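Asker: Structure in structure tokens, see below.
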Amino acid sequence: MKALYIPTALLIAIMVFSLWVGRYVEQRTDDWISLLEQVEETAAGENWTEAGERLRAAYEDWDANQEFFHTILEHDELDEAESLFAGALAVCEQEDDGEFHVLLAQLTKQMHVLAETQSVSVKNIL
Amino acid sequence: MTTAFFRTVILYFILIIGLRLMGKRQIGELEPSELVLTLIISDLAAVPMQDFGIPLLYGIFPIMTLLCLSMLMSWFNLKSVRFRGWVCGHPTVIIREGKVLQQNMARNRFTVDELYEQLRCQGYSDLSAVKYAILETSGQVSVLPYTKESPVTPQVLNQNVQDNVTLPILLINDGHIMSENLSGSGYDRNWLDRQLKDRRLTSPKQVFLMTVDESGSVVCVAKEGNA
């Protein structure tokens, strides 16, 4: 019966881990999206100093998760988000409202993409 | 480059473990599903080995999943004849009583050329020598010739011969004593040392190969330069 239990247990473990990874990525990206929304609201009020601080805090939180994220997500997608963060931080310092809005929208979209790649959906499976 | 090195080492050991779990059969003896599995696993291992933009887990998880499924399939194959037939197929008779069953050959997309190739491989140049030929699930053809074409055995000649087939057990393998085999055969180190002394050898390290069979007959091959 060992030949039945061990592979079954391993398969269940792999599936549970995969589901947990999907849920974890979704939770973390939701956190960052809500932080980015706060940054956008602050920037809309022309409070660039606070917007910069909030964006930096979001980036630091993002950066702290990168080691684990690189073991579970495709590096290209993460590098794309990393570039958008860097761009948004630079534009925030220049207080360029138009470009900042575009970069934040792209960054938010990229967060959605990251969560989407790990979600269990017919679209992804097929 | 270091990434490639470490990824290759990790994947290599995972593949070794995986292939070990799959059993001892060789490529030519694999069932179609096992052959496909082997090919997929090697491909899955190659991708994260070369592309560092893909997490290693993207290679490891599918490989482990496939191996687990393969082990489960093996288990179900053992437990259920119907399941085994469904997964591996059934052997098909393609020659019965010397008659080629063309429908069975066509059903298995087995050509005349392939049939002749398999017959030649087994030493039959002529269909008339073959009474039965069975296409096995592995793709090999088992050939049963007519009695008049079969190799002569003592039984056919009504000869009584003494059964003296014995199983040699390896006691020394390239200088290394196989302790489990030695004790399992009912001998000990003292006996082994005496055997070596009888052959003017002082140490097992001087022996390339030593076996003993059930009748106690010892075969010893000394390493070159020690003889």
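The values are calculated or read from the model by the stated rules, or taken from the named source; none is laboratory data. In this text the structure is predicted, and so the values were computed from the model without any measurement. Note: ideal-geometry Cβ built from the backbone for every residue, glycine included; neighbour counts use all protein chains shown.
Asker: Go through B:CYS88, B:CYS121 for me and flag whichever is at pLDDT below 90 and within 27 Å of the chain's Cα centre (by Cα).
Answerer: Details: B:CYS121 fails: at pLDDT below 90.
Only one candidate qualifies: B:CYS88.
Residues checked against (1) more than 12 Å from every other protein chain (Cβ to nearest Cβ); (2) touching a helix residue (DSSP H, G or I) at 6+ places or on another chain (Cβ under 9 Å); (3) modelled with pLDDT of 90 or more; (4) on the phi > 0 side of the Ramachandran plot:
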| residue | (1), (2), (3), (4) |
| --- | --- |
| A:LEU10 | no, yes, yes, no |
| A:ILE14 | no, yes, yes, no |
| A:LEU19 | yes, no, yes, no |
| A:VAL25 | yes, yes, yes, no |
| A:ARG28 | yes, yes, yes, no |
| A:ILE33 | yes, yes, yes, no |
| A:LEU36 | yes, yes, yes, no |
| A:ALA43 | yes, yes, no, no |
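Asker: Test B:THR38 against the stated conditions and say whether it is more than 14 Å from chain A (Cβ to nearest Cβ) and polar (S, T, N, Q).
Answerer: Working: more than 14 Å from chain A (Cβ to nearest Cβ): yes; polar (S, T, N, Q): yes.
Yes: the conditions hold for B:THR38.
Asker: A further question follows. Go through the residues of segment B:44-53 one by one and say whether even a single one is within 11 Å of chain A (Cβ to nearest Cβ) and of a type in the set (Asp, Glu).
Answerer: Yes, segment B:44-53 has at least one match.
Asker: In segment B:160-169, is there at least one residue being surrounded by 14 or more Cβ atoms within 10 Å (Cβ to Cβ) and on the phi < 0 side of the Ramachandran plot? Before the answer, list the steps.
Answerer: Taking segment B:160-169 as the starting set, the residues that turn out to be surrounded by 14 or more Cβ atoms within 10 Å (Cβ to Cβ) are B:168-169.
Now restrict to residues that are on the phi < 0 side of the Ramachandran plot: B:168-169.
Checked segment B:160-169: at least one residue is surrounded by 14 or more Cβ atoms within 10 Å (Cβ to Cβ) and on the phi < 0 side of the Ramachandran plot.
Asker: Any residue that is within 14 Å of chain A (Cβ to nearest Cβ), free of Cβ contacts under 8 Å to residues at least 40 places away in the same chain, within 30 Å of A:ILE72 (Cα to Cα) and more than 18 Å from the chain's Cα centre (by Cα) - is there at least one of those in segment B:10-23?
Answerer: No, segment B:10-23 contains no residue that is within 14 Å of chain A (Cβ to nearest Cβ), free of Cβ contacts under 8 Å to residues at least 40 places away in the same chain, within 30 Å of A:ILE72 (Cα to Cα) and more than 18 Å from the chain's Cα centre (by Cα).
Asker: Considering segment B:108-157 alone, what residues qualify as being among the β-branched types (Val, Ile, Thr) and loosely packed, with under 15 Cβ neighbours inside 10 Å?
Answerer: Start the filter on segment B:108-157 by keeping residues that are among the β-branched types (Val, Ile, Thr), which leaves B:111-112, B:130, B:134, B:137, B:141, B:143, B:147, B:152-153, B:156.
Matches in segment B:108-157: B:THR111, B:VAL112, B:THR147, B:VAL152, B:THR153, B:VAL156.
Asker: Among the residues of segment B:69-100 satisfying the criterion of being within 11 Å of chain A (Cβ to nearest Cβ), among the aliphatic types (A, V, I, L, M) and surrounded by 18 or more Cβ atoms within 10 Å (Cβ to Cβ), which is farthest from A:THR8 (Cα to Cα)? Break it down stepwise before answering.
Answerer: First pass over segment B:69-100, keeping only residues within 11 Å of chain A (Cβ to nearest Cβ): B:69-79.
Now drop any that are not among the aliphatic types (A, V, I, L, M), which leaves B:69, B:71-73, B:78.
From the residues that got through so far, the ones that are surrounded by 18 or more Cβ atoms within 10 Å (Cβ to Cβ) too are B:71, B:73.
Numbers: B:MET71: 9, B:MET73: 11 Å.
Selected residue: B:MET73.
Asker: Go through segment A:23-126 and tell me which helices (runs of 4 or more DSSP H), entirely inside it, have 1 or more residues that are touching a residue at least 12 places away in the same chain (Cβ under 8 Å), of a type in the set (Lys, Arg) and buried (at least 19 other Cβ atoms within 10 Å of the Cβ). Give the derivation first.
Answerer: Values: elements: A:48-64, A:66-72, A:75-94, A:97-118, A:122-125.
Fully inside segment A:23-126 and qualifying: A:48-64.
Asker: In this structure, does B:VAL112 turn out to be away from chain A (no Cβ under 14 Å), farther than 30 Å from A:ILE6 by Cβ and β-branched (Val, Ile, Thr)?
Answerer: Details: away from chain A (no Cβ under 14 Å): yes; farther than 30 Å from A:ILE6 by Cβ: yes; β-branched (Val, Ile, Thr): yes.
Judged against the criteria, B:VAL112 is a match.
Asker: Still on this structure: Which count do you get for residues in segment A:41-68 that are of a type in the set (D, E, K, R) and under 16 Å from A:LEU103 (Cα atoms)?
Answerer: 3
Asker: Determine the pairs where a residue that is more than 7 Å from every other protein chain (Cβ to nearest Cβ), located within segment B:55-68, has a partner that is of a type in the set (Ser, Thr, Tyr) and surrounded by 20 or more Cβ atoms within 10 Å (Cβ to Cβ) with Cβ atoms under 9 Å apart, the partner being 6 or more residues away or on another chain.
Answerer: Listed pairs, sorted by first residue: none to list.
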